[in-house]
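Just below is one structure, and these are the notes that go with it.
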Amino acid sequence: MRVFASLVRVFIRTAATRARVVGFVIAGAVAVLVAWRIGAQPTGDRAQRAFDVTDVGNLSFLAPVAALVFGASVLGDPAEDGTLIYLWLRPVSRRVTGLAACVAALVLAIPAAVVPAVLAQVALGPGGTPTGSAAATALATAAYTTVFVLVGLVTSRSLVWGIAYLLIFEQFIARGGKSLGAFSVHAQAVSIVAPRRTLSSAVAYFTPASAAAALIAVAAVGAFAVAWQLDRADVA
Amino acid sequence: MTPIEAVDGAPMVELDGVSKAYRGVVAVSEMSCRVGPGVTALLGPNGAGKSTVLRLACGLTPPTQGVVRIHGHDPRRDPRVYRFVGLVPQQERLLPRTTALQFVELAGRLHGIEDPRAAARSSLQAVELDPDDGRYVEDYSKGMSQRVKIAQALVNGPSIIVADEPLNGLDPRQRARMIDTLVGLGAQGRCVIISSHVLEEVERFGSRVLVMAQGRLAAVGDVGRIRDLMDDRPHRIRVGTDRGVDLAAALMATGAVIGARVTPAGLDIETNDVTAFARRVAVEARRIDATLEEVRPLDDDLESVFRYLVETPRGRR
């Protein structure tokens, strides 16, 4: 356990640069301010507005971007600059190292996405759904994060690949129907926060329970894949 | 993790028919060697494959072909093997926003040693660094970073120490100290593998030498044997003169040179006997009334020795 905790601390220190932390504080504050402005408008369906704020501000932007930035860097940065060698060349199971990296990325990415999501719903006022928004954002961030930890480990341009995946698959291809949406973290997460068919959403295909289970499964498979890849890694 | 034991009778480090290719480019080709206690130096020019061999020996990269064993175990299959290994890598970067004590203590903790902080303090003191220095390691000089890398490699008392260009960035006093440290570890019965492209550096370790060239093991022996190879091979020498053709003919007639070529820069000769050439060149120049402007070796460096070793069929060595 001491080894695991030490690794988590090192990975957090690696990924949480001042620029990244400040960037997410600003992005979160902007998201909350925008929600407050929307909430201040007297017209419109409040439930739909709450859903749109979560969908656009959190599930389409803050959650995937926080997951990408922290997830891809937690192993990607040390692999890139060669310092991974100081963690890899130790008598420590790759499962422990991989899980520690995923936990460190989650410790950073989930607050960066969930805190603004909750505050934005509170700022909306009546009709806000802080609990549902928090749950959907947390699960989406977890799923994205472990996938991006893996991407950071296997590619040298993880940010580019990650952004391409988010824009092309999550925001475009996954909107092509339920079968494609089944592979989309965004579609699954939207299904958690938009259970009512009365809400206008292009991708809320699934029940909240199945969507939550799917996102947990993606996060778990991602973490296992990270450990597997660490075992096979060619460490610089 | 439960500890792992060395296999009785197995070499400390063994490479058996190991090749490594990166995207079709062969970096190391069919290398076999066993390394035991004492200091062993991998010597070769830049790009010879030394770092790849060290990475293979540590299990940092899997071989494309062949087998690597550490104390009889495959390091790619069982990370517990790393309790035997301390690596001083070549790259300069250390973990960010970490003090030297935190960095070395982390290494000790990951090795599962009982009191990692005490071990880290002791290891840092052994390389003459202050364990209480509060600065982050990224603010250290190159020499200090190098010593931090060595401290983390030694923190758990490994039986195998692998150091990629360990003297890089050290001043002369630190170099002497580092050589003493590594030689001392070798004398204790540990397996110390270093890499270098500087023969004089390797000479100071008084070690067994594995010469690498173009991804292959070109020669094995002590430093004396490598020196002999340097002396035995044909030497190329440039002679600056105003009468290149005449001087070439005169030298060829004496038998002191085996080949000559007149170039715009002067006369390039090839000789198997530098001493005989040195005796004859001034005499012949005076005899034919030629002016000597310079006499300098063109290939008195390790690069040319390695080239010679690679280009020479094995039977001739």
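The values are calculated or read from the model by the stated rules, or taken from the named source; none is laboratory data. As the structure is a computational prediction, the values presented were derived from the model and not from experiment. Backbone-built Cβ (ideal geometry, glycine too); neighbour counts: all protein chains shown.
Tabulated data
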quantity	calculated
First in region B:242-258 and touching a residue at least 24 places away in the same chain (Cβ under 8 Å) and not assigned by TED's automatic domain parsing to the domain that holds residue B:288, second anywhere and part of a helix (DSSP H, G or I) and surrounded by 21 or more Cβ atoms within 10 Å (Cβ to Cβ), Cβ under 8 Å, 6 or more apart	none
Qualifying residue in region A:38-61 (condition: on the phi > 0 side of the Ramachandran plot, more than 14 Å from chain B (Cβ to nearest Cβ) and in contact with a helix residue (DSSP H, G or I) (Cβ under 9 Å, 6 or more places away or on another chain))	yes
Within region A:1-29, tally of residues that are β-branched (Val, Ile, Thr), within 10 Å of another protein chain (Cβ to nearest Cβ) and either surrounded by fewer than 18 Cβ atoms within 10 Å (Cβ to Cβ) or touching a strand residue (DSSP E or B) at 6+ places or on another chain (Cβ under 9 Å) (or both)	1
Contacts under 8 angstrom Cβ, first residue in region A:81-93 being more than 7 Å from chain B (Cβ to nearest Cβ), partner among the acidic types (Asp, Glu) and surrounded by 20 or more Cβ atoms within 10 Å (Cβ to Cβ), 6 or more apart	none
Identity of the residue in region A:151-187, out of contact with any Phe, Trp or Tyr (no Cβ under 6 Å at 6 or more places or on another chain) and of a type in the set (D, E, K, R), that ends up farthest from residue A:66 (Cα to Cα)	A:175
In region B:71-86, residue farthest from the chain's Cα centre (by Cα) [restricted to those that are assigned to a strand (DSSP E or B) and within 17 Å of residue A:94 (Cβ to Cβ)]	B:73
Residues satisfying the stated conditions in region B:56-78, i.e. touching a Lys or Arg at 6+ places or on another chain (Cβ under 7 Å) and free of Cβ contacts under 8 Å to residues at least 40 places away in the same chain	B:59, B:62
Among residues of region B:87-129, those that are without any contact (Cβ under 8 Å) to a residue 60 or more places away in the chain, buried (at least 19 other Cβ atoms within 10 Å of the Cβ), within 27 Å of the chain's Cα centre (by Cα) and within 12 Å of another protein chain (Cβ to nearest Cβ), counted	5
Helices (runs of 4 or more DSSP H) enclosed by region A:122-232 - at least 3 residues per element that are buried (at least 24 other Cβ atoms within 10 Å of the Cβ)	A:130-154, A:185-193, A:208-232
Count of region B:12-50 residues which are at pLDDT below 90 and either part of a loop (DSSP other than H, G, I, E, B) or within 23 Å of residue B:77 (Cβ to Cβ) (or both)	9
Hits in region B:64-84 (condition: within 11 Å of chain A (Cβ to nearest Cβ) and touching a helix residue (DSSP H, G or I) at 6+ places or on another chain (Cβ under 6 Å))	B:75
Residues (at pLDDT below 90 and polar (S, T, N, Q)) located in region B:62-110	B:90, B:91
Scan of region B:125-149 for residues that are under 14 Å from residue B:175 (Cα atoms) and of a type outside the set (A, V, I, L, M, F, W, C), ordered by number	B:128, B:142, B:143, B:145, B:146, B:147
Residue match in region B:147-162 (condition: farther than 28 Å from residue A:93 by Cβ and touching a strand residue (DSSP E or B) at 6+ places or on another chain (Cβ under 8 Å))	no
Test result for residue B:54, assigned by TED's automatic domain parsing to the domain that holds residue B:217, in contact with a helix residue (DSSP H, G or I) (Cβ under 7 Å, 6 or more places away or on another chain) and crowded, with 20+ Cβ neighbours inside 10 Å	no
Some residue of region B:185-192 being surrounded by 20 or more Cβ atoms within 10 Å (Cβ to Cβ) and in a strand (DSSP E or B)	yes
Given (1) at positive phi; (2) within 14 Å of chain B (Cβ to nearest Cβ), index of the condition residue A:78 fails	(1)
Unmet requirement for residue B:225, which otherwise passes all of (1) without any contact (Cβ under 8 Å) to a residue 40 or more places away in the chain; (2) farther than 30 Å from residue B:31 by Cβ	(2)
